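Enquirer: The structure under discussion is supplied below as structure tokens; questions concerning it will follow.
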Amino acid sequence: MKLTPEQRVTLHGFNNLTKSLSFNMYDVCYTKTKEEREAYIEYIDEQYSAERLTHILKTVSDIIGAHVLNIAQQDYVPQGASVTMLISEEPVVEVPTDQFEESPGPLPDSVVMALDKSHITVHTYPEYHPDEGISTFRADIDVSTCGEISPLKALNYLIHSFETDVMTIDYRVRGFTRDIHGHKLFIDHEINSIQNYIPDDVKNLFDMIDVNVYQENIFHTKCKLKEFDLNNYLFGYKKETLDQEEADEITEKLTMEMDEIFYGKNMYN
């Protein structure tokens, strides 16, 4: 059913559809020595501390027009951080018309929209390969909302908040709401791909794969950077300091790591 601002369906009570966005990103780095690995982990913990992550989630809350009710944040030892926010509805007289369009959401500008009984969480996972010199930083962000709007409006900002080599994005709508005649609605907006919520300049940077189950209102998109510059993956030095054989070996390890994450399976030579 196509919904437009001019053709609204009158509901029986509150729109209690649950819309959940899961944004999973990976940053990959080559850390040859123990010292490099420790320096990388320290850098990640500083860049994505619980305080910085709280700022990111507060901005997400602003974008989707929510009130923050409660914040729990924690920096872990030896590494990693978590933040959980409970958010509540921002009262509105009218639902903004852009909620009916598949388009990228704003960056840090605030947008007033309707939410209720919702939450936003982030967890980080810095880790390293025991033998291959690969260190990986992963962050998992979940934005769950109830009501008229979709958390997909926060996706554009989230992508710009992290330096990412691989992204896995899931969006699903659960439950149902009813119109005044008792007819169930299992989704209240049209969507054919998460990619429609990502700006073209960002999409041009990534190879993307969609796996969607339309009849179940489940949408899945995987993204991997197209361009590879070894200098972006060396921690503390440049590729010019390496001989060609070593540069090729490191490149092979890094690209295989990203391919395995992207395709979700181990790949061997």
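The numbers here are math on the coordinates, done by the rules we state, and not lab data. Note that this is a predicted model, so its numbers are computed, not measured. Because the Cβ atoms are built from the backbone with ideal geometry, glycine has one as well, and the counts that use them run over all protein chains shown.
Enquirer: I need the GluC sites (Glu not before Pro) found in the stretch 148-197, filtered to DSSP loop residues with at most 13 other beta carbons within 10 Å of theirs.
Expert: Sites meeting the loop and neighbour criteria: 163, 190.
Enquirer: Work out the P(r) tail for the stretch 122-194: percent of alpha carbon pairs separated by more than 21 Å, whole number. Present the calculation step by step, with values, prior to reporting the outcome.
Expert: Values: 1213 of 2628 pairs.
Value for the stretch 122-194 (Cα pairs over 21 Å): 46 percent.
Enquirer: Additional query: Considering the stretch 152-269, what Rg and Dmax in Å follow from its alpha-carbon atoms?
Expert: Values for the stretch 152-269 (Cα only, Rg and Dmax): 19.6, 73 Å.
Enquirer: Looking at the stretch 202-261, which chymotrypsin sites (Phe, Trp or Tyr not before Pro) are in a loop (DSSP not H, G, I, E or B) and have at most 14 other Cβ atoms within 10 Å?
Expert: Passing both the DSSP loop test and the Cβ count: 228, 237.
Enquirer: Let me ask something else about it. Alpha carbon centre of the stretch 207-252 versus the stretch 38-71: separation in Å?
Expert: Going from one Cα centre to the other spans 24 Å.
Enquirer: Starting from the alpha-carbon convex hull of the stretch 224-269, give the projected area averaged over all orientations, in nm².
Expert: About 3.6 nm², averaged over all directions.
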